[in-house]
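Working notes, structure below.
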Amino acid sequence: MRSIGELARASGLTVSALRFYDAAGVLVPAQVDPGSGYRRYTDDQVAPARLVAGLRRVGMPVAEIARAVRAEPAVVHRLLDAHLRRLTEGLADTRREVSRIRALLPADQPSTATRLVLAGGDLAAAVDAVRFAVGADPVLPALAGVLLDVSGDEVRLVATDRHRLAVATVDASVHGPPTRTLLPVAAVDGLRRLLDGPDLDTAVVRLTLVGRQFVADVGGRQLRATPLPYDFPDYHALLPGAAGDRPARRFQVDAGWLVDALRTGTPTIVREYAGSPLPVTVLGLGGRDALRLLGPADLTSPHDLGGAGEVGGGELRVGVNGDYLLDALDAAGGSRLVLELDGPIAPLAIRRPDDDAAFSILMPIRL
């Protein structure tokens, strides 16, 4: 038996928190001394206490914590998914309110324009590389566009819908301070149409970014747009090699073979997401072959490693949305592509071997 202090040290909960969860009926001691009132816990209660501590840290309501402690793992996963959705919606509301507050504040000083000169072909390729990942969820308006992140002598285009992220970088002649502009998707599509034409390879694009104005000029044809007034999420931590390390695993794949296999009905497994069935494409990476597409018959041993699992022979199994993977392959182009993975629960990166500045990232799906 453990004292309340010993369980507090083993679980990460404070003594006062353990008393609270006892009173709430969430984590009741195995014994309570009738004379002294001292609480005693068994070793079997350490794991539930650690679960309570984790759920408490992420802000889950007490009623749901009580349910999670007594539930099967599958139910706990559903409770976590529902809690994440609530947090995401609350964050979206907060971002909207912050943007409204910013609009009420007077500018400290007149905005300084940032002007860029780019090659039309390079900008068109960058737009094509990221457009597929733009978000369409009305609850997350900060994702309904492409971020233009200007620094040094380049502009980075970034788009994400939370499940995937696409990045492309274009060399530019930059005059003015570094800046970030969130271009709405309608303006992105308008800019891409402006770049169409037989003279694309020789076209020169001039962009002007100042305050709440965006102006693009391609051979005298202009597009004007108002950037979105939202804070785009910080994407830097998701970039491959953000921690300074090379990815743990790199696989060269035949892009044409993989696209054909995905389009001709590769077997999938079904997992539940947001209360609905979701087909999951499973990639087997490593082992005897560099890449295999696995079906239900290949997944006979249960495992649950958060979206990827290490199995015999050094093969790594990774679950992804097959349609999202197709979008990423189409956007990347090229006959040979590289898949990169840093670990069993890390996002999967897709890039061309000849271009480190353009890539997309897919979040793994729990198998």
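Pick from LEU339, LEU104, LEU79: which is most flexible by mean-square fluctuation in a GNM of the chain where alpha carbon atoms under 10 Å apart are linked?
Ranking LEU339, LEU104, LEU79 by mean-square fluctuation puts LEU104 first.
Assuming R0 = 25 Å, can you tell me the calculated FRET efficiency for the pair ALA30 and ALA63, based on Cβ-Cβ distance, to the nearest 0.05?
For R0 = 25 Å, the calculated efficiency reads 0.65.
Rounded, prolate or oblate for the stretch 153-200? Axes are the square roots of the Cα gyration tensor eigenvalues, ordered a ≥ b ≥ c, and the cut-off for rounded is a/c under 1.5.
oblate
Say each of ARG206 and THR264 gets a label point 7 Å from the Cα, pointing the same way as Cα to Cβ; how far apart are those two points in nm?
Placing both labels 7 Å beyond Cα along the Cβ direction yields 5.2 nm.
May I ask for the Rg/Rh ratio of the stretch 123-180, computed from Cα atoms with Rh as the Kirkwood radius, given to two decimals?
Reported Rg/Rh, Kirkwood definition of Rh: 1.02.
Can you give the extra length, in nm with one decimal, that the chain gains between ASP217 and LEU51 once fully stretched, where that is 0.36 nm per residue apart less the Cα-Cα distance?
Residue separation times 0.36 nm, minus the Cα-Cα distance, leaves 54.1 nm.
If DNA, RNA and ligands are ignored and the probe is 1.4 Å, what is the ranking of ASP161, ASP189 by accessible area, most exposed first?
ASP189, ASP161
Could you give the DSSP H helices of the chain that reach 18 angstrom or more along their long axis (alpha carbon positions) and whose average Kyte-Doolittle hydropathy is no lower than -1.0? Could you put the intermediate results ahead of the total?
Details: long enough: 73-104 (47 Å, -0.28).
Counting only whole DSSP H runs, the qualifying helices are 73-104.
Which trypsin sites (Lys or Arg not before Pro) in the stretch 6-114 sit in a loop by DSSP (not H, G, I, E or B) and have at most 11 other Cβ atoms within 10 Å of their own Cβ?
Loop-located and lightly packed - ARG70.
Is the shape of the stretch 77-153 best called rounded, prolate or oblate, per the rule: a/c under 1.5 gives rounded, else a/b larger than b/c gives prolate, else oblate, with a ≥ b ≥ c the square roots of the Cα gyration tensor eigenvalues?
oblate
First obtain the Kirkwood hydrodynamic radius of the stretch 153-251 from its Cα pairs, then insert it into the Stokes-Einstein equation at 10 °C and 1.306 mPa s, and state the resulting D in µm² per second as a whole number.
101
How long are the three semi-axes of the equivalent ellipsoid of the chain, in whole Å, if each is the root of 5 times an eigenvalue of the C-alpha gyration tensor, listed from largest down?
45, 29, 16
Provide the convex hull volume over Cα atoms per residue for the stretch 21-130, in Å³. Write down the numbers at each step before the final one.
Working: hull volume 25.0 nm³, N = 110.
Hull volume normalised by residue count: 227 Å³.
Between ALA290 and LEU87, what FRET efficiency follows from the Cβ-Cβ distance if R0 is 25 Å, with the result rounded to 0.05? If you can, show how the numbers build up before the last one.
Details: r = 38 Å, r/R0 = 1.52.
Between ALA290 and LEU87 the formula returns 0.10.
Can you tell me, using C-alpha contacts under 8 Å and at least 6 residues apart, the relative contact order of the chain as a whole percent?
Details: 647 pairs, mean separation 46.1, N = 367.
Contact order relative to length: 13 percent.
Using a 1.4 Å probe and counting only protein heavy atoms, arrange GLU89, GLU340 so the residue with the most accessible area comes first. Display every interim value, and only then the final one.
Numbers: GLU89 90, GLU340 10 Å².
So, going from the largest accessible area down, we get GLU89, GLU340.
When the helix-only estimate is applied to the chain (DSSP H runs of n ≥ 4, each -39,500 (n - 2.57), divided by the residue count), what is the mean residue ellipticity at 222 nm, nearest 500 deg cm²/dmol?
On the way: 9 runs with 110 residues, N = 367.
So the calculated ellipticity at 222 nm is -9500 deg cm²/dmol.
Starting from the Cα gyration tensor of the stretch 96-204, multiply each eigenvalue by 5, take the square root, and state the resulting semi-axes largest first in whole Å.
Equivalent ellipsoid of the stretch 96-204: 25, 20, 12 Å, largest first.
Hey, rough spin-label estimate for VAL117 and SER16, points 7 angstrom out along Cα→Cβ, what's it come to in nanometres?
A separation of 6.5 nm, rounded to one decimal place.
How high is the FRET efficiency between ASP234 and ALA71 when r is their beta carbon distance and R₀ equals 35 Å, given to the nearest 0.05?
0.55
When only the heavy atoms of the protein chains count and the probe is 1.4 Å, how do TYR38, TYR21 rank by accessible area, highest first?
Order by accessible area, largest first: TYR38, TYR21.
Would the stretch 1-67 count as rounded, prolate or oblate if I go by the C-alpha gyration tensor, calling it rounded below 1.5 in a/c and otherwise prolate when a/b exceeds b/c, oblate otherwise? Write down the numbers at each step before the final one.
Values: a/c = 2.02, a/b = 1.58, b/c = 1.28.
Verdict is prolate for the stretch 1-67.
The values are calculated or read from the model by the stated rules, or taken from the named source; none is laboratory data. Here the structure is a predicted model, which is why all the values come from computation and not from measurement. Counting neighbours? That spans all protein chains shown, and the Cβs are built from the backbone with ideal geometry, glycine included. For the accessible areas, the whole protein counts, side chains as well, though only heavy atoms, and no ligand, DNA or RNA atoms are used. Shrake-Rupley method; radii C 1.70, N 1.55, O 1.52, S 1.80 Å.
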